[in-house]
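Let me begin by presenting the structure, written as structure tokens, before commenting on it.
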Amino acid sequence: MSVRSQSSEPSASSEAPHRAGFACFVGRPNAGKSTLTNALVGQKVAITANQPQTTRHTVRGIVHREDAQLILVDTPGLHKPRTLLGERLNDVVRTTWAEVDVIGFCLPANEKLGPGDRFIVKELAGIKKSPKVAIITKTDLVDSKTLAEQLIAVDQLGKELGIEWAEIVPVSATANQQVDLLADLLIPMLPEGPPLYPEGDLTDEPEQVMIAELIREAALEGVRDELPHSIAVVVEEMIPREDRPADKPLLDIHAFVYIERPSQKGIIIGPKGKRLKEVGIKSRKQIEALLGTPVFLDLHVKVAKDWQRDPRQLRKLGF
């Protein structure tokens, strides 16, 4: 079993050819994939939340190095689907796996291996061409004994199901431990080639999609467990405010928060609109940081009945 710690960091050769390619993080929902993507990129490009099943779009975060460009594809967690939306999310995952250069299997250090992990590793075993790296996430939440047990468990699971891990790497994205080392280990697995994106680009997600995701992240915070699956956000329009001086621009953003049932409306809006106002304030700050310009955010809540099961509504909401 090859387990990497900071002391075994590979040395970079100045003569090394430039590499560029795609890496994909997979794992059960809430395994820390989005937080890890953001830590590697150095800026928020993927939505994170404490509830599982928060990632819906494939976000590409771009890590720029002098000798390489690592493009991170963040997919939804693979899970047993209960709705048409769930089936479509699983299709996105499998398509992505088949197209990337290296796959990182994320497993939290603070949770024992379960049937969900076994299911994913079994699926990964069927993909022969891409090297696979086991990434033990959230290492800051456990002691060294628990971490060692988890490292051994993931090594044994790979052997049992026919996967030879190219590396097994413990990381903590929130404590920024071994995040750079992980990039150092992934880059040699990429094909040689020129950069695929301009320097400075951190993601290829359209701004409107990222803004919708930031609003959805704020809307998810603090709501009960069954609601995350029911929330979708669509940015209807983004218009620079007219008659503003050039040094004091203002961007008007109009967005709809969609839920599935009228009973959920009160949860999102809160007493006297307090909760929706908090969602607006929190997401506006994030949007202004993303765009670098002041924003007026106009939020409305709409009911789209059972949208997760309705193909027409799914298309309308961007799935």
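The values are calculated or read from the model by the stated rules, or taken from the named source; none is laboratory data. Values in this document were obtained by computation on a predicted structure and should not be read as measured data. With ideal geometry, Cβ positions are generated from the backbone for all residues, glycine too; neighbour counts draw on all protein chains shown.
Residues are listed down the side, and each one gets a yes or a no for (1) under 20 Å from ILE62 (Cα atoms); (2) buried (at least 23 other Cβ atoms within 10 Å of the Cβ); (3) modelled with pLDDT of 85 or more:
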site: VAL3; (1), (2), (3): no, no, no
site: SER7; (1), (2), (3): no, no, no
site: SER11; (1), (2), (3): no, no, no
site: PHE25; (1), (2), (3): yes, yes, yes
site: ALA31; (1), (2), (3): no, yes, no
site: SER34; (1), (2), (3): yes, yes, no
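For region 240-280, name all the residues that are exposed (fewer than 11 other Cβ atoms within 10 Å of the Cβ) and of a type in the set (A, V, I, L, M, F, W, C).
Start the filter on region 240-280 by keeping residues that are exposed (fewer than 11 other Cβ atoms within 10 Å of the Cβ), which leaves 240, 242-243, 245-248, 262-263, 271-272, 274.
Answer for region 240-280, where residues must be exposed (fewer than 11 other Cβ atoms within 10 Å of the Cβ) and of a type in the set (A, V, I, L, M, F, W, C): just ALA246.
Among the residues of region 239-252, which ones are out of contact with any Asp or Glu (no Cβ under 7 Å at 6 or more places or on another chain) and either basic (Lys, Arg) or closer than 22 Å to LEU220 by Cβ (or both)? ARG244, LYS248, listed by residue number.
Regarding region 182-198, can at least one residue be identified that is of a type in the set (Ser, Thr, Tyr) and in the same structural domain as VAL73 (by TED's automatic domain parsing)? Scanning region 182-198 turns up no residue that is of a type in the set (Ser, Thr, Tyr) and in the same structural domain as VAL73 (by TED's automatic domain parsing). Going through (1) at pLDDT 80 or above; (2) touching a Leu at 6+ places or on another chain (Cβ under 9 Å); (3) not β-branched (Val, Ile, Thr) one by one, GLY42 falls short only on (1). Looking at LEU124, LEU84, LEU113, just one residue is under 29 Å from MET210 (Cβ atoms) and either at pLDDT 75 or above or touching a Ser or Thr at 6+ places or on another chain (Cβ under 8 Å) (or both), and that residue is LEU124.
Consider ARG275 carefully, then state whether it is in contact with a Leu (Cβ under 9 Å, 6 or more places away or on another chain), at pLDDT 85 or above and either under 20 Å from ALA212 (Cβ atoms) or not in a loop (DSSP other than H, G, I, E, B) (or both). So ARG275 does not fit the description; no.
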